[in-house]
1. Among the listed residues I114, I141, I124, which satisfies the condition of being touching a helix residue (DSSP H, G or I) at 6+ places or on another chain (Cβ under 7 Å) and either in contact (Cβ under 8 Å) with a residue 60 or more places away in the chain or among the polar types (S, T, N, Q) (or both)?
2. When residues of the range 96-105 are filtered for being out of contact with any helix residue (DSSP H, G or I) (no Cβ under 6 Å at 6 or more places or on another chain) and either among the hydrophobic types (A, V, I, L, M, F, W, C) or at pLDDT below 90 (or both), how many remain?
3. Among helices (runs of 4 or more DSSP H) lying entirely in the range 96-180, which contain 2 or more residues that are surrounded by 15 or more Cβ atoms within 10 Å (Cβ to Cβ) and basic (K, R)?
Amino acid sequence: MYDGTPTLAHKETQTTNAKGQAVFQLNLSPTTTPRVTPCCMVLRKDSSQVWCNIFQVNAHTGVVVFDIGGTCTANVVEGKKEKGAALNGQEYDQQPFPFAAEVANFYHQKGYVIMYLTGRPVWITSTTEGWLRKHGFPPGIMRLTTAKEKCMGVPLYKSTVMEKLRNECDVQFAYAYTNEKSDLKAYYSVGMNSSSCFYVGLQDFMPYQFASYKNHLEEMYLKVQNNTAPGPQWPALPSPNTKRRF
């Protein structure tokens, strides 16, 4: 586990199964508010590392889902530019949708857990997290697609992920934001309805839609009640040179 310093505390060693998977039992102290703990998995053979964030929430905690491309970013073209740059080992700083981060932080401060659920490929996870940090979005559960999940189609992939989270963690999906009509099927599959799903843009098919996050935020101050205490902050990033053999 990682505590914000270059020191890693060894918790457990496991052998992967035939699928390359390993299961760890974490003994986390109880929490009354959402908590995020960074974790690093190290392959003993060559010390290669995989970092992740473990979110600890209580049952019935409210979750607010955000798509990323065209919802957090200014438009979907920005995402294509970012992926193209990443393929060439470069970085492209996408333009954020004005006031999108403020809306996400509004929910975060009221104790909701933010979930970034996107059809982006999993290989740009670190780039995506870095972009969210840079542009002031709050920490949240971030879920990108594997190649296999991409073949499912984005709506089925998203509904599968949300149903699994709801059934295994007993959370409640409170609100959702998207710029894609196809996402609605996934949101509705976990019990949400048109009054809790917001469409970024102006189309005929969405009763709850807006063109400006700024105006929408003003409406939210009058509508949304506190869920619990404010959520956690982004964990400190480790040094790129942080290595540890176990």
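1. I114
2. Going through the range 96-105 one residue at a time, the tally reaches 3.
3. Working: elements: 100-109, 125-134, 147-152, 154-169.
In the range 96-180, 154-169 are the helices (runs of 4 or more DSSP H) which contain 2 or more residues that are surrounded by 15 or more Cβ atoms within 10 Å (Cβ to Cβ) and basic (K, R).
Conditions tested, residue by residue: (1) part of a loop (DSSP other than H, G, I, E, B); (2) surrounded by fewer than 16 Cβ atoms within 10 Å (Cβ to Cβ); (3) out of contact with any strand residue (DSSP E or B) (no Cβ under 9 Å at 6 or more places or on another chain).
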site: T15; (1), (2), (3): yes, yes, yes
site: Q25; (1), (2), (3): yes, yes, yes
site: L28; (1), (2), (3): yes, yes, no
site: R44; (1), (2), (3): yes, yes, yes
site: C52; (1), (2), (3): no, yes, no
site: V64; (1), (2), (3): no, no, no
site: T71; (1), (2), (3): yes, no, no
site: A86; (1), (2), (3): no, no, yes
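The values are calculated or read from the model by the stated rules, or taken from the named source; none is laboratory data. As the structure is a prediction and not an experimental result, all values here were calculated from the model. Note that each Cβ is placed from the backbone with ideal geometry, even for glycine, and that neighbours are counted across all protein chains shown.
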